[in-house]
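The values are calculated or read from the model by the stated rules, or taken from the named source; none is laboratory data. What you are looking at is a predicted structure, and each value in this text was computed from that prediction instead of being measured. All Cβ positions, glycine included, derive from the backbone under ideal geometry; neighbour counts span all protein chains shown.
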Amino acid sequence: MKEKAIAITGATGMLGAELTRQLIPSGASLRLVVRNRAKLAPLMEQWGNPAIEVIQTELTNPVELREAFTGVDIVFHCAAQVSFRLDENEDLVRANTDITHHVVNACIEAGVGRLIHVSSIAALGEPNTAGVITADSFPDSVAGWNGYSLSKFYSENEVWRGIRYGLKATIVNPSIILGPGPWKGEGSAALFAALGSGMPFYVPGGNAFVDVRDVAGAMMLLAEAEEAVGRRFILSGANVSFREFITLIAKSLGKRPPRYRLGERGLNRLRRMLDAVARLTRTKPLLSDDLVKAALTQSRYDGEAVKAVIPAFAYRPIEETIGYMAEAYLKDKQKR
């Protein structure tokens, strides 16, 4: 990456921040394209206040975005809104699709050399005959999808459009990204904090997880791999049950592992109760139909294809990732 000019969107998010941290010592010229410069202040301090160019603009401003990408060799597009609330579906789909539409156009118009677009496993189709979802799993229909999944699917379509117009782009589809971050919010760090306070129940489903450091590292390697152009790659280090996942968190924090299985009937009862509480307190519901469905489903993803393009790449074990998060969580807790 030395002497490369690199632009990053979403640098205030967990993945964008980790990617920036890894790129700082590379010798690359970094340009962070953000909506709110003030949110970068604490991160810049953590990074040692390096010489990084910051451009504040809306990512849907075509003129300013094209100027931000002018002279850039690689764009890492990490920015996206995240929400699983039904009342925000339309806004979420519109926002994420529009952002990627303008990012793709700006890359083409500015003559950017490479675009690495961060999508999600939420944009993938059905499992193959072995019950595993791969990067070749394209959906036959998106009927019934939640807003976040739709927004990622339509955003990918914008990137495929750019590829047809000659843009050298690669799509990555991370599974659930794990890493330290805001312990309050909607990300995996907030989930870690919630489960870390003690959880007697577990749900029967499972999903795939990946370390944020691995996602950032893979993106950097893919950005320099010509074989990755015009393709997408699942980035996923481990398929585990939610019981195993919660147990790992509990053990890392010295808590008792979950003991009681919470099935479909119990989850729906809990969801209705939380919905009632949310209405009374005028707060966001903590459980949706989509989250209940996910909690009951064992989904498996194949993240190995990326190794054919970057053979030296390896995922960290999930136990190491959970330990990494636990160390950061306990350290932050002591500060408070």
(message) Residues that are surrounded by 19 or more Cβ atoms within 10 Å (Cβ to Cβ), part of a strand (DSSP E or B), among the hydrophobic types (A, V, I, L, M, F, W, C) and at negative phi: does the stretch 218-232 have at least one?
(response) no
(request) Could you tell me whether any residue of the stretch 146-165 is under 24 Å from Glu224 (Cβ atoms), at pLDDT below 95 and of a type outside the set (Ser, Thr, Tyr)? (result) no
(request) Enumerate the pairs (first residue in the stretch 27-46 and on the phi > 0 side of the Ramachandran plot; second residue anywhere and surrounded by 10 or more Cβ atoms within 10 Å (Cβ to Cβ) and outside any strand (DSSP E or B)) with beta-carbon separation below 8 Å, excluding pairs fewer than 6 apart on the same chain, so at least 6 apart or on different chains. (result) Gly27/Met1
(message) Quick check on my filter: what residues within the stretch 21-77 are among the β-branched types (Val, Ile, Thr) and more than 27 Å from Pro180 (Cβ to Cβ)?
(response) Thr57, Thr60, Val63, Thr70, Val72
(message) Restricting to the stretch 174-195, give me the number of residues that are of a type in the set (A, V, I, L, M, F, W, C), touching a strand residue (DSSP E or B) at 6+ places or on another chain (Cβ under 9 Å) and in a helix (DSSP H, G or I).
(response) 3
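Tally the residues that are farther than 22 Å from Phe192 by Cβ, not charged (D, E, K, R) and not in a helix (DSSP H, G or I), restricting the search to the stretch 252-285.
Here is the first cut: in the stretch 252-285, the residues farther than 22 Å from Phe192 by Cβ are 263-266, 268-269, 272-273, 275-282.
From what's left, not charged (D, E, K, R): 263, 266, 268, 273, 276-278, 280-281.
Keeping just the survivors that are not in a helix (DSSP H, G or I) gives 263.
Final tally of qualifying residues: 1.
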(message) Checking Gly198 against (1) out of contact with any Lys or Arg (no Cβ under 6 Å at 6 or more places or on another chain); (2) in a loop (DSSP other than H, G, I, E, B), only one condition comes out false. Which one?
(response) (1)
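How many residues are among the hydroxyl-bearing types (Ser, Thr, Tyr) and either under 21 Å from Ala238 (Cβ atoms) or in contact with a strand residue (DSSP E or B) (Cβ under 8 Å, 6 or more places away or on another chain) (or both) if we restrict to the stretch 124-141?
Of the stretch 124-141, the ones among the hydroxyl-bearing types (Ser, Thr, Tyr) are 129, 134, 137, 141.
Those still in the list that are either under 21 Å from Ala238 (Cβ atoms) or in contact with a strand residue (DSSP E or B) (Cβ under 8 Å, 6 or more places away or on another chain) (or both) too: 134, 137.
Residues meeting the conditions: 2.
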(request) Looking for whichever is under 20 Å from Ala228 (Cα atoms) and acidic (Asp, Glu) here; the options are Asp73, Asp91. Which one fits? (result) Asp73
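Kindly indicate whether Asn128 is assigned to a helix (DSSP H, G or I), within 29 Å of Thr297 (Cα to Cα) and over 14 Å from the mean Cα position of the chain (by Cα). Break it down into steps so the answer makes sense when it comes.
Values: assigned to a helix (DSSP H, G or I): no; within 29 Å of Thr297 (Cα to Cα): yes; over 14 Å from the mean Cα position of the chain (by Cα): yes.
It is false that Asn128 is assigned to a helix (DSSP H, G or I), within 29 Å of Thr297 (Cα to Cα) and over 14 Å from the mean Cα position of the chain (by Cα).
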(request) Answer yes or no: is there a residue in the stretch 13-23 that is without any contact (Cβ under 8 Å) to a residue 40 or more places away in the chain and over 16 Å from Met220 (Cα atoms). (result) no
(request) Name every residue in the stretch 295-317 that is closer than 18 Å to Asn173 by Cβ and assigned to a helix (DSSP H, G or I), in order of residue number. (result) Val306, Lys307, Ala308, Val309
(request) Find all pairs meeting these conditions: Cβ atoms under 9 angstrom apart; at least six residues apart or on different chains; first residue within the stretch 292-310 and without any contact (Cβ under 8 Å) to a residue 12 or more places away in the chain; second residue among the aliphatic types (A, V, I, L, M) and surrounded by fewer than 15 Cβ atoms within 10 Å (Cβ to Cβ). (result) Lys307/Ala314
(message) When the residues of the stretch 139-155 are narrowed to those that are within 13 Å of Lys293 (Cβ to Cβ) and not in a helix (DSSP H, G or I), which ends up nearest to the chain's Cα centre (by Cα)?
(response) Asn146
